[in-house]
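**Student:** Here it is: the structure, laid out below.
The values are calculated or read from the model by the stated rules, or taken from the named source; none is laboratory data. A quick note: this is a predicted structure, and the numbers were derived from the prediction, not measured. Here the Cβ positions follow ideal geometry from the backbone for every residue, glycine too, while neighbour counts run over all protein chains shown. Keep in mind that these areas ignore ligands, DNA and RNA; they rest on the heavy atoms of the full protein, side chains included. Shrake-Rupley method; radii C 1.70, N 1.55, O 1.52, S 1.80 Å.
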Amino acid sequence: MTKAKFSRVIVKLSGEALSGNREYGIDPQFINSIAEELKEVNDTVEVAIVVGGGNIFRGVAGSAQGMDRGTADYMGMLATVINALALQDALEKLEIETRVQTAIAMREVAEPYIRRRAMRHLEKGRIVIFAAGTGNPFFSTDTTAALRAAEIGADAILMAKNVDGVYDSDPAENPDAVKFNELDYIEVINNCLGVMDSTAVSLCMDNKIPIVVFGLQEIENIKRVVLGEEIGTFVR
Ligand code: UDP
């Protein structure tokens, strides 16, 4: 078996990553292919996942339409739970033991987030899906990924995105946009590069957690990153 570069990782799947080619909601077929890939990755490293909710609801969008920001953010956090359950279902169909842990208690649906229990699940080879963000409004699931990575001692955060790395400008708008292979945390913060929000990057910087940003157009990219192939952008 090829040796993995990491032993425990957090994979951050944005809501958009779960919507496949749809504008809104979940694409079950696409989620199934992500699950198949995660099954393989889980054979080589311990995998915890942080899911976003942007394919269903974002707090900022709600507050832009006049909603109270805190309430809108709680709606966003609940959206991540819907995504987590969809992913759990797809993983369990492949007979992978999976636990969803939520930062907002909903005992009938999932376990509450308990750090030690999450680590124990990982040691037993289970995939743990962290849902409901940090449980606090005004944060993002990127910050959740940074926080959980620090808490459970993950070696890296693998940020699966719709673009294949970090560019100096938006590659969808500028055909001359240049992709970075490597960046310092501080370059990301100072140049407002769209890797993660600045709270999340600061947390990674303070705790020396590397971030790998890569595209999910090719689903095997998750495995490539875990095996140490240098694709996407490495932030350290
Ligand atoms: N959210 C929050 N606190 C958190 C994490 C998420 O309030 O700790 C809310 C916020 O409204 C956010 C939404 O949940 O817009 C969905 O998360 P995010 O936008 O990070 O999802 P993604 O962009 O990864 O799909």
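**Student:** Whose amide H sits under 5 Å from the amide H of residue 102, counting only residues 5 or more places off or on another chain, with H placed in the peptide plane?
**Tutor:** 111, 113, 131
**Student:** Within the range 104-236, what whole-number % of the accessible surface is contributed by carbon and sulfur, with the 1.4 Å probe and all protein chains included in the calculation? Mind dumping the intermediate values first?
**Tutor:** Details: 3080 of 6450 Å².
That share works out to 48 percent.
**Student:** Can you tell me the alpha carbon radius of gyration of the range 140-236 divided by the globular rule-of-thumb value 2.2 N^0.38 Å?
**Tutor:** Working: Rg = 12.8 Å, N = 97, 2.2 N^0.38 = 12.5 Å.
So the Cα radius of gyration is 1.02 times the expected 2.2 N^0.38 Å.
**Student:** A further question on this structure: So which of 93/161; 12/179; 3/93; 124/208; 39/208; 39/179 end up more than 23 Å apart by C-alpha? Provide the component values of the computation, followed by the final result.
**Tutor:** Numbers: 93/161 25 Å; 12/179 20 Å; 3/93 27 Å; 124/208 26 Å; 39/208 27 Å; 39/179 30 Å.
With Cα atoms farther than 23 Å apart: 93/161; 3/93; 124/208; 39/208; 39/179.
**Student:** While we're looking at this one, here's another question. Which FRET efficiency value, to the nearest 0.05, is calculated for residue 197 and residue 224 with the Förster distance at 35 angstrom and r the Cβ-Cβ distance?
**Tutor:** Numbers: r = 26 Å, r/R0 = 0.74.
Plugging the Cβ-Cβ distance into 1/(1 + (r/R0)^6) gives 0.85.
**Student:** Further question: Size of the dipole of the range 42-118 about the Cα centre, Lys and Arg at +1 and Asp and Glu at -1 on the beta carbon, nothing else charged, in debye to 20? Write out the running numbers ahead of the final one.
**Tutor:** Numbers: 8 positive and 10 negative charges, 66 e Å.
The dipole magnitude comes to about 320 debye.
**Student:** Rounded to whole Å and sorted largest first, list the principal axis extents of the Cα atoms in the range 37-174.
**Tutor:** Taking max minus min along each principal axis of the Cα atoms, the range 37-174 gives 45, 40, 29 Å.
**Student:** Highest mean first, what order results for 47-57, 110-120, 143-153, 21-31 on Cβ atoms within 10 Å? Mind showing how you got there, number by number?
**Tutor:** Details: 47-57: 25.1, 110-120: 15.5, 143-153: 22.8, 21-31: 13.5.
Those peptides, ordered most packed to least, come out 47-57, 143-153, 110-120, 21-31.
**Student:** What is the local net charge at residue 185, summed over the other residues whose Cβ is closer than 10 Å to its Cβ (Lys, Arg +1; Asp, Glu -1)?
**Tutor:** Values: positive: 208, 236; negative: 184, 187, 206.
With Lys, Arg at +1 and Asp, Glu at -1, the neighbours total -1.
**Student:** So how far apart, in nm, are the two label points at residue 92 and residue 63 if each is 7 Å from Cα heading toward Cβ?
**Tutor:** Rounded to a tenth, the inter-label distance reads 3.5 nm.
**Student:** For residue 16 and residue 108 in one chain, what is 0.36 nm times their gap in residues minus the Cα-Cα distance, to one decimal in nm?
**Tutor:** Value of the extension gain: 30.5 nm.
**Student:** Now for a separate question. How large is the Kirkwood hydrodynamic radius of the chain, in angstrom, based on all distinct alpha carbon pairs?
**Tutor:** Taking every pair of different Cα atoms in the chain, averaging 1/r and inverting gives 17.7 Å.
**Student:** If the viscosity is 1.306 mPa s and the temperature 10 °C, what translational diffusion coefficient in µm²/s does Stokes-Einstein give for the range 97-188 when Rh comes from Kirkwood over Cα pairs?
**Tutor:** Numbers: Rh = 15.5 Å.
For the chosen part, D equals 102 µm²/s.
**Student:** Determine the sum of side-chain charges near residue 28: Lys and Arg each +1, Asp and Glu each -1, restricted to other residues whose C-beta is under 11 angstrom from that of residue 28.
**Tutor:** Details: positive: 22, 93; negative: 27, 89.
Local charge sum for residue 28: 0.
**Student:** May I ask for the distance between the Cα centers of the range 15-48 and the range 112-146, given as a whole number of Å?
**Tutor:** 17 Å
**Student:** Next question, about the same structure. Grab the other residues whose beta carbon is less than 15 angstrom from that of residue 66, score K and R as +1, D and E as -1, and report the net.
**Tutor:** Details: positive: 58, 69; negative: 68, 73.
Here the count lands on 0.
**Student:** Moving to a separate point now. Along the three principal axes, how long is the range 49-107 when you take its alpha carbons, biggest first, rounded to the nearest angstrom?
**Tutor:** 44, 22, 14
**Student:** With a 1.4 Å probe and every protein chain left in place, work out the accessible area per residue of the range 69-224 in Å², rounded to a whole number.
**Tutor:** Numbers: 7370 Å² over 156 residues.
Using a 1.4 Å probe on heavy atoms only, each residue of the range 69-224 averages 47 Å².
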